[in-house]
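The values are calculated or read from the model by the stated rules, or taken from the named source; none is laboratory data. This one's a predicted model, so the numbers in the text were calculated from it and none came from an experiment. As a convention, Cβ positions derive from the backbone with ideal geometry for all residues, glycine included, and neighbour counts pool all protein chains shown. All accessible areas refer to the heavy atoms of the entire protein, side chains included, with ligands and DNA or RNA removed. Shrake-Rupley method; radii C 1.70, N 1.55, O 1.52, S 1.80 Å.
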Amino acid sequence: MYFVNQGTKFHILGLIAECQQSWQDASTAFEEAIHIEPENVSHWYALGRVAFTRGEADQSLYAFNMALDMNPLDPIALTFSYDALHALGHDTEALRRVACAVELDSANVPALRRLIEARIRMGWHHGKEGQKTWRLLGQAQRRAAGDPEVHECLAQYYMARGEWDKVPQLWQNFTIQYPCSPTGWQYAAKWHQATGDDLNARVAIQQAYHLQPDHPDIRKAMQVPAYG
């Protein structure tokens, strides 16, 4: 007979609650798992993830920092603590951590995306620094061509450079190539609206909703009067 230890049991309960978007129940379950197995880094990852989703950036950072206390070169904690650090206004440390994560693993797409976003935010989209940001974008695209979040980074890069005309075509191409990506359609809607194309914005968000009607951000967008 196979027995599941108590730490694993609470972690599974936390994952179930997370899937149900029962964030408080998920946090409680992951905290119980940590109480039983404080050395199990996966429990800290999960708690950090859920805390950030709940808008508790300080708690999220605490959880990821606990993972880093166990291993200062933990690529997962280095990558995902970025979000909490940025939310708390610690952008220099956030940049340092994701840069370290990419240095450790050049195929770490979540870290690459965050590093690109940080560089764009800091104005590194022209000159030599802009060329480096562009190379990072190419690196991310080669690793995850169908990732809409990577294309969102590219859209932000174009917009930061004032190249507005490239953005609608970027998303048109993406939705043609990946028509079953609800996030792709969601981003297409956002950028169509930002560039004044309300008709295509409405069509895109409706397609996103058709593909994933339970996504909270897509549902929220569908309630915007401009989308009908």
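Of the residues making up segment 16-43, just one is under 15 Å from Thr79 (Cβ atoms) and surrounded by fewer than 17 Cβ atoms within 10 Å (Cβ to Cβ), namely Ser42. Those helices (runs of 4 or more DSSP H) of segment 69-161 in which at least 1 residues are over 16 Å from Phe52 (Cβ atoms) and among the β-branched types (Val, Ile, Thr), considering only elements entirely within it, cover 91-104, 109-121, 127-143, 148-160.
From the list Tyr178, Tyr158, the lone residue that is closer than 30 Å to Val102 by Cβ, open to solvent by 60 Å² or more (accessible area, probe 1.4 Å), touching a helix residue (DSSP H, G or I) at 6+ places or on another chain (Cβ under 7 Å) and of a type in the set (Ser, Thr, Tyr) is Tyr178.
Within segment 59-99, restricting attention to residues that are open to solvent by 20 Å² or more (accessible area, probe 1.4 Å) and β-branched (Val, Ile, Thr), the residue that is farthest from Asn40 (Cα to Cα) is Thr92. Given the criterion in contact with a Ser or Thr (Cβ under 7 Å, 6 or more places away or on another chain) and either farther than 21 Å from Glu149 by Cα or part of a loop (DSSP other than H, G, I, E, B) (or both), identify the matching residue among Phe10, Phe64. After applying the criteria, what remains is Phe64. Against the test of being open to solvent by less than 40 Å² (accessible area, probe 1.4 Å), within 25 Å of Ala77 (Cβ to Cβ) and in contact with a helix residue (DSSP H, G or I) (Cβ under 7 Å, 6 or more places away or on another chain), the options Leu115, Leu104 yield a single qualifying residue, Leu115.
Given the structure, is Glu149 under 17 Å from Arg113 (Cβ atoms) and open to solvent by 20 Å² or more (accessible area, probe 1.4 Å)? For Glu149, the condition - under 17 Å from Arg113 (Cβ atoms) and open to solvent by 20 Å² or more (accessible area, probe 1.4 Å) - is met. When Ala46 is tested against (1) open to solvent by less than 10 Å² (accessible area, probe 1.4 Å); (2) at pLDDT below 95, just one condition goes unmet, and that condition is (2).
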